[in-house]
Amino acid sequence: MSEKMKVVAITGAKKPEIMEVDRPVPGPDQVLVKIDGTAICTWEQRVYVTGKFKMPFLGGHEVVGHVVEMGSKVRTKEYKVGDRVAVSVISTCGTCYYCRRGEENLCVDSYANLSEDIGMFGPGGFAEYKVVPPNKLWKLNDDLPWEYGTFSEPLACVCNSVKKADIQLGDDVVVIGGGIMGMLHMMVSKLRGARVIMSEIDETRRNLALELGCDIAFNPKDCDAVAYVKELTEGRGADVVFDTTTPPAVAAQAIDMAGKLGRVVMYSSVIPADPIPFDANALHSSEKIITGSVSPSIQSFDTAVRLLNKGLINPKKLLHSVFEKEDAVEAFETSIRPDTYRVIIKL
């Protein structure tokens, strides 16, 4: 008889349930990971609130665990049984046009269902165990709190975004939005030698940003945000703008904030996906670059883990709380509050 494990699956709007399913068995080229904890991201929050996804939904892609079994053909020397690891659960086929170009985050199979073997849908991180290929694991230092390891995936997304922005020493960088992804953008941009300006309406978040090293934080409701950024930059506009919010109007504002040769990164999903106005001739004459950023590449995941392992990024202030899986309802309800940052479910 197969061994069992427990998972936290969403079965409808605001209905997380603990369910018992077969525990996975690693193949010869796979590693079995006992999951220690998984953070609740905005994807899981949306499914929890709306119930709009195929059910039962087994979310979770910000995952930390430890190795408990190695397949017979796993030859890596990078880790051994007992090692704590960050787990990348984004699907990469390795053979599509984008994977072959080193842009695995754009893999045509990125959102493949990784829970179909247990009759569910989703990435599958809210489970007690998961099998993965060895190239999806990164070893975490023994002295790194395991909770910090759950930041590997979101920080990797940010590292990918920052790479696209090509921040130079002394650049003026604007981060729109002081949520967790905005905070991580600010922290990584500071490591790149930038002066960082944050646009955020919430005073508590602005104060935290300043505490974490942000140079200037302002409320865009108190001023003309574009004019204020230009005032701070001697009329030029920002060298880099990261939009980590969802409204289309803010996306248009982000473009206007950038100066000549400015790089604008649309980091978040824009909801609703309405067209945004921009002056094509101004784009021509200013040589601004407007791009997007989605998910982590292998390289950015590797960078994120090194930043955490070396203490160059400390996410302590961005960790709100850790809940047992039996308290999943409270965990999800806490995670969707506007005054919280990351919430982890302990598996």
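The values are calculated or read from the model by the stated rules, or taken from the named source; none is laboratory data. Small disclaimer: the values here were computed from a predicted structure and weren't measured. Glycine also receives a Cβ, built like all others from the backbone with ideal geometry; neighbour counts cover every protein chain displayed.
Things to note:
- Within the range 155-167, one or more residues are assigned to a loop (DSSP other than H, G, I, E, B) and either surrounded by fewer than 19 Cβ atoms within 10 Å (Cβ to Cβ) or at pLDDT 95 or above (or both).
- Tally of residues being surrounded by 14 or more Cβ atoms within 10 Å (Cβ to Cβ) and not in a strand (DSSP E or B) across the range 239-268: 15
- Residues of the range 72-88 classified as over 19 Å from residue 299 (Cα atoms) and either among the acidic types (Asp, Glu) or outside any loop (DSSP other than H, G, I, E, B) (or both), total: 2
- Filtered by the rule that a residue be farther than 26 Å from residue 181 by Cα and part of a loop (DSSP other than H, G, I, E, B), the range 16-50 gives 23, 24, 25, 26, 27, 28, 29, 30.
- Counting only residues that are within 30 Å of residue 143 (Cβ to Cβ) and polar (S, T, N, Q), the range 264-318 holds 7 of them.
- Going through (1) closer than 14 Å to residue 172 by Cβ; (2) surrounded by fewer than 19 Cβ atoms within 10 Å (Cβ to Cβ) one by one, residue 229 falls short only on (2).
- Qualifying residue in the range 252-265 (condition: closer than 16 Å to residue 200 by Cα, at pLDDT 95 or above, assigned by TED's automatic domain parsing to the domain that holds residue 187 and in contact with a strand residue (DSSP E or B) (Cβ under 7 Å, 6 or more places away or on another chain)): yes
- Restricting the range 321-344 to residues that are of a type in the set (Asp, Glu) and outside any helix (DSSP H, G or I) leaves a set whose member that is surrounded by the most Cβ atoms within 10 Å (Cβ to Cβ) is 324.
- Test: residue 340 is in the same structural domain as residue 60 (by TED's automatic domain parsing) and touching a His at 6+ places or on another chain (Cβ under 6 Å): yes
- Only one of 56, 26 that is out of contact with any Lys or Arg (no Cβ under 7 Å at 6 or more places or on another chain), within 22 Å of residue 15 (Cβ to Cβ) and not hydroxyl-bearing (Ser, Thr, Tyr): 56
- Within the range 89-111, the residues that satisfy the criterion of being in contact with a Ser or Thr (Cβ under 8 Å, 6 or more places away or on another chain), polar (S, T, N, Q) and part of a loop (DSSP other than H, G, I, E, B) are 91, 92, 110.
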